[in-house]
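A.B. asks: Take this structure, written in structure tokens, and hold onto it; I'll ask about it next.
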Amino acid sequence: MIEVRQLRKRFGDQQVLDGVDLTIEKDESLVIIGRSGGGKSVLLKHIVGLTPPDSGQVLVDGQDIAHLNERALLAVRRKFGMLFQSAALFDSLTVEENIAFVLSRERNHTPEEISRRVAEALEMVEMPGVQKKKPAELSGGMRKRVGLARAIIYRPEVVFYDEPTTGLDPVVSDSIDKLIVRVCERLKVTTVVITHDMRSMQAVGRRVAMLHHGRIYTSGTPVELMASTDPVVSRFVRGISDEKEHTF
Amino acid sequence: MTEVPTNLIQRLLSGLGRFSLMVAEVVRSLTTQRLSGRDLVDQLHFIGVKSQMVVLVTGAFTGMVLCAQTYFQFHKVKMDTATLAVVSVSMCGELGPVLTALMVAGRVGASMAAQLGTMRVTEQIDALRTLATHPIDYLVVPRVVATMIAVPLLTAESITVGILAAYLVGVHLLQIDPGYSLVNMQRFTDHRDVLMGFIKSFIFGGIIATTGCYKGIHCGQGAEGVGHATTEAVVYASIAILISNFFLTLLLTRLLALI
Ligand SMILES: Nc1ncnc2c1ncn2[C@@H]1O[C@H](COP(=O)(O)OP(=O)(O)OP(=O)(O)O)[C@@H](O)[C@H]1O
Ligand SMILES: [Mg+2]
């Protein structure tokens with residue numbers, strides 16, 4: 001349902017994406033891994049049309065969105081839900097207003113329906129009863145859950161997660177992984193997760209694609225990647241730095 | 001955005017281009033999208049109520065000092081009773097609109113740039129876009145419309161307070177004759193002065209909000225970017241107000257002479 005063809009993007013003299021080819025099938029759950037600063041977030045922003053590419057195509061249900069204007073893109077994005085790396089909650093609104101954002105702007109829902117669906121979404125992310133809090137009063141893990149509730153309440157077809165577990169303790173990470181799987185199964189959505197947490201990759205992915213040097217270096221099932229003998233892949237999945245390469 | 005502008009002229013022109021695109025998008029949004037009443041009222045409240053204090057103080061003290069200074073000069077040539085007429089004409093046409101707009105630019109323009117700038121650097125604007133909402137519709141249009149409504153009202157308030165304060169200073173402190181003063185005030189201030197002030201303050205309101213929002217939406221990275229955006233919003237809005245005021249005076253005097 002989403003097809004990325006030869007996507008290229010350069011920031012200044014840094015070629016971040018250098019010909020990315022990637023297909024995301026309907027109802028699959030794909031994990032994208034890659035090094036920090038490797039362009040994973042940038043790739044995601046291209047797929048949802050937040051950033052225009054220098055060249056290449058992003059086809060969503062056959063329509064090239066790379067050169068659509070912002071108003072036309074809004075309709076396409078209605079199919080997507082996105083959880084940002086930083087959660088990106090609106091800090092001037094309460095949790096409830098954040099989650100209800102899309103519904104309350106669509107003007108065809110009653111206040112009762114909206115508050116019922118907000119409660120349902122919060123139930124789903126296991127955070128009932130925080131409706132009246134402000135995002136600043138929540139912890140990092142709680143913010144991500146609220147961010148996820150905001151992204152799934154309007155029943156998107158695809159949910160993108162940008163590093164959902166980074167910066168969280170192992171227990172919370174695990175519960176977020178389970179949450180992602182549950183959302184995927186219950187709402188029957190296509191799931192795309194960016195992560196460099198190997199546990200998370202094995203927990204949520206059916207297929208894994210690795211972004212390396214601005215391209216999709218390889219893809220396969222989590223088991224295949226964990227067992228790979230390719231030096232780049234095996235160093236990454238086992239977390240071993242290359243002595244000859246300065247990575248920082 | 002793909003090419004990095006290298007010199008000042010290029011930067012200036014591309015900035016001007018993006019600014020015009022934003023204004024065009026605001027106009028398009030106004031004509032095609034429904035404006036949310038609640039957002040508008042929130043902004044009106046914020047701009048109107050938060051600016052009361054500065055506008056009242058500015059208006060009152062400008063009226064008072066203008067009255068005193070004019071009196072000191074006019075007294076030498078025995079034209080005491082024309083003092084308040086000068087105050088009222090200059091408050092209506094020039095000082096009221098310009099000073100109010102400058103004060104509002106400092107308060108409201110700066111806070112718009114800071115708010116939208118923070119939203120940009122914390123990815124809230126990107127989040128808005130993924131939630132199928134155009135940032136112009138949700139963030140910019142209510143602010144622009146509310147400012148264009150609020151600034152003329154605040155200006156009227158500041159002019160009124162300024163003239164009242166001048167009257168008190170003139171009549172009670174400087175012993176000017178109240179009867180003749182009022183007659184002169186009415187003779188020399190006509191509806192054209194009032195209309196000029198009104199039109200100017202409407203335009204100034206537009207300048208303040210579009211500059212503040214533009215600087216916020218196109219803000220640089222991090223806390224430094226937000227800081228820059230805030231300062232620049234105030235500086236650019238103030239300069240634009242002062243420069244356009246001169247041309248508006250010339251233009252409006254011509255146009256209003258026709259009616
Ligand atoms: N708006 C931008 N302007 C300039 N450079 C950018 C911009 N956005 C990203 N970059 C650069 O692109 C590169 C990739 O960034 P990106 O955020 O996609 O990395 P990432 O793979 O998501 O890393 P992480 O795992 O740490 O989140 C970085 O080196 C960054 O400096
Ligand atoms: Mg990232």
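The values are calculated or read from the model by the stated rules, or taken from the named source; none is laboratory data. It should be emphasised that the depicted structure is a prediction, and the values quoted were computed from it without experimental measurement. A quick note on method: Cβ atoms are made from the backbone with ideal geometry, for glycine too, and the neighbour counts reach across all protein chains shown. Side chains included, ligands, DNA and RNA excluded: accessible areas come from the protein's heavy atoms. Shrake-Rupley method; radii C 1.70, N 1.55, O 1.52, S 1.80 Å.
A.B. asks: Which of the residues that make up the range A:1-17 are more than 16 Å from ligand 1 (Cβ to nearest atom) and open to solvent by 20 Å² or more (accessible area, probe 1.4 Å)?
C.D. replies: A:M1, A:E3, A:R5, A:Q6
Rundown of residues vs (1) acidic (D, E); (2) closer than 19 Å to B:R107 by Cβ; (3) more than 13 Å from the chain's Cα centre (by Cα), yes/no style:
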{"position": "B:V171", "(1), (2), (3)": "no, no, yes"}
{"position": "B:T189", "(1), (2), (3)": "no, no, yes"}
{"position": "B:M196", "(1), (2), (3)": "no, no, yes"}
{"position": "B:G227", "(1), (2), (3)": "no, yes, yes"}
{"position": "B:I241", "(1), (2), (3)": "no, yes, no"}
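A.B. asks: Evaluate the range A:102-125: report whether one residue or more is under 23 Å from B:D137 (Cβ atoms) and within 19 Å of the chain's Cα centre (by Cα).
C.D. replies: Yes.
A.B. asks: May I pose another question? From (1) farther than 24 Å from B:P178 by Cα; (2) assigned to a helix (DSSP H, G or I), pick out the condition that doesn't hold for B:V65.
C.D. replies: That leaves (1) as the condition not met.
A.B. asks: A further question follows. Do we have any residue at all in the range A:208-221 that's charged (D, E, K, R) and in contact with a strand residue (DSSP E or B) (Cβ under 6 Å, 6 or more places away or on another chain)?
C.D. replies: Yes.
A.B. asks: Is at least one residue of the range A:35-49 within 16 Å of ligand 2 (Cβ to nearest atom), over 24 Å from B:I125 (Cα atoms) and touching a residue at least 12 places away in the same chain (Cβ under 8 Å)? Reasoning before the result, please.
C.D. replies: Keep residues of the range A:35-49 that are within 16 Å of ligand 2 (Cβ to nearest atom), which gives A:35-48.
Filter once more, so that each one left must be over 24 Å from B:I125 (Cα atoms): A:35.
Now narrow it down to the ones that are touching a residue at least 12 places away in the same chain (Cβ under 8 Å): A:35.
Yes.
A.B. asks: Is it true that some residue in the range B:191-210 is under 22 Å from B:P135 (Cβ atoms) and free of Cβ contacts under 8 Å to residues at least 60 places away in the same chain?
C.D. replies: no
A.B. asks: Something else now. Of the residues that sit in the range A:177-198 and are more than 16 Å from ligand 2 (Cβ to nearest atom) and within 27 Å of A:V16 (Cβ to Cβ), which one is most open to solvent (accessible area, probe 1.4 Å)?
C.D. replies: My answer is A:M198.
A.B. asks: Also, quick follow-up: Quickly run through the range A:159-176 and pick out the residues that are within 12 Å of ligand 2 (Cβ to nearest atom) and of a type in the set (D, E).
C.D. replies: A:D162, A:E163
A.B. asks: Within the range A:50-69, track down each residue that is among the acidic types (D, E) and either within 12 Å of ligand 1 (Cβ to nearest atom) or free of Cβ contacts under 8 Å to residues at least 24 places away in the same chain (or both).
C.D. replies: A:D64
A.B. asks: Could you tell me whether B:Y214 is among the hydroxyl-bearing types (S, T, Y) and surrounded by fewer than 16 Cβ atoms within 10 Å (Cβ to Cβ)?
C.D. replies: Answer is no for this residue.
To keep it simple, each residue is scored yes or no on (1) within 15 Å of B:P97 (Cβ to Cβ); (2) open to solvent by 50 Å² or more (accessible area, probe 1.4 Å).
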residue	(1), (2)
B:A150	yes, no
B:V169	no, no
B:I176	no, no
B:Y180	no, yes
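A.B. asks: Pairs needed: first member in the range B:118-136, facing chain A (nearest Cβ under 7 Å) and aliphatic (A, V, I, L, M); second member anywhere, open to solvent by 30 Å² or more (accessible area, probe 1.4 Å) and outside any loop (DSSP other than H, G, I, E, B); C-beta distance under 6 Å; at least 6 residues apart or different chains.
C.D. replies: That search, which allows pairs on different chains as well, returns nothing.
A.B. asks: Within the range A:18-41, is there a residue that is out of contact with any His (no Cβ under 6 Å at 6 or more places or on another chain), within 13 Å of chain B (Cβ to nearest Cβ) and either within 12 Å of ligand 1 (Cβ to nearest atom) or at pLDDT 90 or above (or both)?
C.D. replies: Checked against the condition, which is being out of contact with any His (no Cβ under 6 Å at 6 or more places or on another chain), within 13 Å of chain B (Cβ to nearest Cβ) and either within 12 Å of ligand 1 (Cβ to nearest atom) or at pLDDT 90 or above (or both), the range A:18-41 yields at least one hit.
A.B. asks: Are any residues in the range A:126-157 farther than 16 Å from A:E97 by Cα and buried (at least 21 other Cβ atoms within 10 Å of the Cβ), and if so, which ones? Can you show your working first?
C.D. replies: Restricting attention to the range A:126-157, the residues satisfying the condition of being farther than 16 Å from A:E97 by Cα are A:126, A:139-141, A:155-157.
Listed by number, the list holds a single entry, A:P156.
A.B. asks: Sticking with this one: Among what's in the range B:32-55 and is among the aliphatic types (A, V, I, L, M) and more than 13 Å from B:V151 (Cα to Cα), pick the residue that is least open to solvent (accessible area, probe 1.4 Å).
C.D. replies: Looking only at the range B:32-55, we keep the residues that are among the aliphatic types (A, V, I, L, M), and these are B:35, B:40-41, B:44, B:47, B:49, B:53-55.
Filter once more, so that each one left must be more than 13 Å from B:V151 (Cα to Cα): B:35, B:40-41, B:53.
Numbers: B:L35: 59, B:L40: 31, B:V41: 90, B:M53: 135 Å².
Of everything passing the filter in the range B:32-55, B:L40 is least open to solvent (accessible area, probe 1.4 Å).
A.B. asks: Of all residues in the range A:12-34, which are within 14 Å of ligand 2 (Cβ to nearest atom) and more than 16 Å from the chain's Cα centre (by Cα)?
C.D. replies: Within the range A:12-34, A:V16, A:L17 meet the criteria.
A.B. asks: Counting residues that are more than 13 Å from every other protein chain (Cβ to nearest Cβ), which helices (runs of 4 or more DSSP H) fully inside the range A:82-200 reach at least 2?
C.D. replies: By residue number, A:95-99, A:111-124, A:140-152, A:170-187.
A.B. asks: How many residues, within the range A:83-104, are open to solvent by less than 10 Å² (accessible area, probe 1.4 Å) and within 16 Å of ligand 2 (Cβ to nearest atom)?
C.D. replies: Selection size over the range A:83-104: 4.
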